[in-house]
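The values are calculated or read from the model by the stated rules, or taken from the named source; none is laboratory data. Remember, predicted model here, so these are calculated numbers, not experimental data. Methodologically, a virtual Cβ is constructed for each residue, glycine included, from the backbone with ideal geometry; neighbour enumeration extends over all protein chains shown. Accessible surface is based on the protein model in full, side chains and every heavy atom, while ligands, DNA and RNA are left aside. Shrake-Rupley method; radii C 1.70, N 1.55, O 1.52, S 1.80 Å.
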Amino acid sequence: MNDLTFQIIAMVIYMAAMLGIGWWAYKRTTDLDDYMLAGRKLSPGVAALSAGASDMSGWLLLGLPGAFYVGGLVEAWIAIGLTIGAWLNWKFVAPRLRAYTEVSKNSITVPSFFENRLRDKTHILRITAGIIILVFFTFYVSSGMVAGGKFFESAFNSEYLIGMLLVGGVTVLYTLFGGFIGATYTDVVQGIMIFLALIFVPIIGISQVGGIDGAMESIRAVSTEEVDMLNLFGGSAIAAISAAAWGLGYFGQPHILVRFMALRSPRDAVAGRRIGISWMIISVLGALASALIGIAYFQQNPDLTLDDPEKVFLELSQIFFHPLIAGFVLAAVLAAVMSTISSQLIVSSSALVEDLFKIIAKKEATPKAQVILGRLGVLVVSVVAIIIALDPKASVLDLVGYAWAGFGAAFGPIVLLSLFWRKLTAPGAIAGMIAGAVTVVIWGNSDALSGVMYEIVPGFILNLVIAIVVSLLTFKHSDNIVTEFDSAVESVRTGTVTLPVFDKED
């Protein structure tokens, strides 16, 4: 058999496994709570691997190595910021969000939690949050489609469009039927595949470039006065801050936050943090090492060319491994892409059904009808994302960066204030959320502004300031909000959720 046949065999095995998990999950999905949140029964290991895989996406194996390949070690500030942000998210947000979402009327989506937590009877907050999720997740899902198209273009010399549609189609299929359970357990398999690929490509690669000394010598040979590939502090302070600010985005990513909400109990966040951060640190270091080895390898082999830096990991895997092993490494890249798409489709679907349809229709559908509506939501978002992804020139990192900033700036401060500040009000949350989202849209689409600072920074700060100021101006004491807040804090302390008892319902 030729190389292509081996790789196709590996790809078919992987695709079949994902569809099989989707079908298994389909049999275990009976209502919207199952479809959107797996009944809050995730173990810490499953939640951690699922959060990591859905978080990193094709960015980890395409966008990040590409950034390292072009800019050198200075691009590590993105990874440093993300790792710190992820640790803080698991440490402080995960346990309290798990407890508070159950305490606050068993909220199963981030927008419904905002509404229940702040007693917003106008539904403006929930609708605004739902719209923001749909807008930015459409771009985020589209980035996954682009990564899938580039993957097939590089790995199999296929047409970009065919690859993009194949990746999108299979992912939509198992997400459509398997819901959150299917997305989560496919994430676990995909997370393990990503982890192994990012360990073995650098290990094999280092022997191909003459060891560490040979790699360093070759990397220094391609360094210039403008770009020192091995200098972590080679860029400006503003550029480093801007890159590290990616970590702020973690507090507002719905597809990650929903994993915290689905944990079995608040105490599971401790084990989840240890597993998740260990997975992340090793994976990010693997992405960095792969890029640096790629620089050395292509410098030592000038007859080989790399047209797209974002494909450096793909190219190395095909060069270093037997075609069948290379096929499974390529499947790991595809796994990174598909895990994120599926998670984002579920959250987008929940925004359509739980946070928009129910409010606008003003009626409660049957459990079966809600699941059907959830699946229709998956289809709608998928079609729009595919249309955006028809442009093969789109950068994976640019699309991810825009969506990441949108969620981080719009939701991050509101999540933190909701969990840790009693005086946050619905008007404050609405004003801050809109300010953060609008800032990202304006700043991110201005070449003059985006070139100075990553748009998440001004968006996050403006949201935080406006939310606090407006909340202080509109604050009214509520015994029930205080009781609920105290119940959430106590639940985190004990590790077991204690539901509040109100003197009277509000």
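Mind checking the alpha-carbon convex hull of the chain and giving the volume per residue in Å³? Enclosed volume per residue, from the Cα hull, is 133 Å³. Each Lys and Arg adds +1 at its Cβ and each Asp and Glu adds -1 at its Cβ; summed about the Cα centre, the range 337-429 shows a dipole of about 360 debye.
The residue among SER487, GLY210, VAL440 whose Cα reaches farthest toward the positive pole of the charge dipole of the chain, with charges on the beta-carbon of Lys, Arg, Asp and Glu, is SER487.
Count neighbours as other Cβ atoms within 10 Å of each site's Cβ, and list the trypsin sites (Lys or Arg not before Pro) in the range 375-464 that are DSSP loop with at most 11 such neighbours. Don't skip to the end; give the middle numbers.
Working: sites: ARG375, LYS393, ARG422, LYS423; in loops: LYS393, ARG422, LYS423.
Those satisfying the criteria are LYS393.
Taken about its Cα centre, the range 13-161 carries a charge dipole of about 660 debye when Lys and Arg each add +1 at the Cβ and Asp and Glu each add -1 at the Cβ. Considering only alpha-carbon pairs that sit under 8 angstrom and 6 or more positions apart, the relative contact order computed for the range 283-416 is 16 percent. Axis angle, to the nearest 10 degrees, between helix 44-58 and the longest C-alpha principal axis of the chain: 60 degrees. Selection among PHE92, ILE13, ILE192 by position relative to the dipole of the chain gives PHE92 as farthest towards the positive end (Cβ unit charges, Cα centre).
Its residues counted as N, the range 98-245 yields a C-alpha radius of gyration over 2.2 N^0.38 Å of 1.53. Angle of helix 367-388 to the longest C-alpha principal axis of the chain, folded into 0 to 90 degrees and rounded to 10: 40°. In the chain, the longest principal axis of the Cα atoms and the axis of helix 426-444 are about 20 degrees apart.
The shape of the range 349-459 can be summarised by an equivalent ellipsoid whose semi-axes, obtained from the alpha carbon gyration tensor, come to 29, 24, 10 Å from longest to shortest.
Structure note, pairs LYS41/LYS358; LYS105/LYS358; LYS121/LYS358; LYS27/LYS368: Cα-Cα distances above 18 angstrom occur for LYS41/LYS358.
With only Lys, Arg, Asp and Glu charged, each at its Cβ (+1 for the first two, -1 for the last two), find how big the charge dipole of the chain is about the Cα centre; round to the nearest 20 debye.
Numbers: 31 positive and 37 negative charges, 406 e Å.
Dipole about the Cα centre, nearest 20: 1940 debye.
A straight Cα-to-Cα reach below 18 Å connects LYS311 with the lysines LYS150, LYS393, residues fewer than 8 places away in its own chain not being considered. Once the 1.4 Å probe is applied to the protein heavy atoms, the range 277-373 comes out at 35 Å² accessible per residue.
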